[in-house]
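Working notes for the structure below.
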Amino acid sequence: MSTQAKSRPGARQELPADPSWAWEETRWRTIVNKVRAGRSLAPEAWKDGARVAVALSFDSDHETWVLRSGGDSPAGLASGQYGARVGLPRILRLLERHAVPATFFVPAVIAQLYPEEQRAVIAAGHEIGMHGWIHERNSMLPEDTERDLMLRAADVLNEITGRAPVGLRTPSWDFSAHTLGICREMGLLYDSSLMADDEPYELLEDGEPTGIVELPVEWIRDDYPYFGMDRQTGIRPHTPPESVLDIWRAEFDRAAEEGGLFLLTMHPHVIGHRSRLAILERLMGHIQSTPGVWFATHEQIARFVKSGANE
């Protein structure tokens, strides 16, 4: 059958060689239970009685968004360099004006390209977490390769910043069946790549509590789906900044009403443009005008909820 025939409406489609509907129950249960949300770690109140916790994070992907796929386009690399050259300095100045701490997740290759950037982030009182070696896709890697890259990435960040990272955000939130086991081997405190809740929770592996805190993410609270641009694909920025501000403000307001966590994921080469950073500053002003807010790094939040769970 031709490719065209397969794609025509009503054309007969070839069945997959190993269809999921034919799996034995033990197989799909094993897959589902490999990495699972365990007990909630949401506290009754946040530090010093705060009503809501706010965790701002920036994934400093820079040039790795091109390098990860073997790309070498100077045009693509330039758009990534914008994050280091313009976006991140603007972000650091904004955070300093508002006296707000944040967490930066950094691929090891970027840390090596911009070591002084990482030292400046640490010197300003922010946290640096792991974000892969070259923003690779974990689920495409053999287990040994994934482990090697994670260990090497941790060593690079430790060497450059003088601080061993305690948390991970997998590149593109691509969490493989082996990632959690490697996190446990490394003794990491937390991960921030999964989406099973709005509030912090403990990760289970094969039904076993791991002690690792999950600080959940969500595409709604990420800048790239709204502003991402790739001229080689259909990915185009199509959301006005004001609309994104409305969405993020509503997410924060409801988190504050529920006494929960508001975690925002951004990228210096995306959010760092003028009109976009303007909405982040307005959002921060709105948050700071709300009573009972605790701004914290991911590490601070993970340690707080974990200590409360052990009392």
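The values are calculated or read from the model by the stated rules, or taken from the named source; none is laboratory data. Note that the structure is predicted; figures quoted are calculated from it, not measured. Please note: Cβ atoms are built from the backbone with ideal geometry, for glycine as well, and neighbour counts cover all protein chains shown.
For the reader, a short list of remarks on this structure follows.
- Any hit, the range 177-186, residues being among the basic types (K, R), touching a residue at least 24 places away in the same chain (Cβ under 8 Å) and exposed (fewer than 14 other Cβ atoms within 10 Å of the Cβ): no
- Selection within the range 271-293 - in contact (Cβ under 8 Å) with a residue 60 or more places away in the chain and either of a type in the set (A, V, I, L, M) or within 30 Å of H135 (Cα to Cα) (or both): I271, G272, H273, L277, L280, E281, M284, I287, V293
- For the range 54-61, the criterion of being at pLDDT below 95, out of contact with any Ser or Thr (no Cβ under 6 Å at 6 or more places or on another chain) and not hydroxyl-bearing (S, T, Y) is met by none of the residues.
- Residues of the range 126-146 classified as touching a Leu at 6+ places or on another chain (Cβ under 9 Å) and over 13 Å from V106 (Cβ atoms), total: 3
- Filter result for the condition that a residue is in contact with a strand residue (DSSP E or B) (Cβ under 9 Å, 6 or more places away or on another chain) and over 20 Å from M266 (Cβ atoms), over L157, L194, L189, L151: L189
- Count of the range 151-173 residues which are surrounded by fewer than 18 Cβ atoms within 10 Å (Cβ to Cβ), of a type in the set (G, A, S) and either within 19 Å of the chain's Cα centre (by Cα) or in a helix (DSSP H, G or I) (or both): 1
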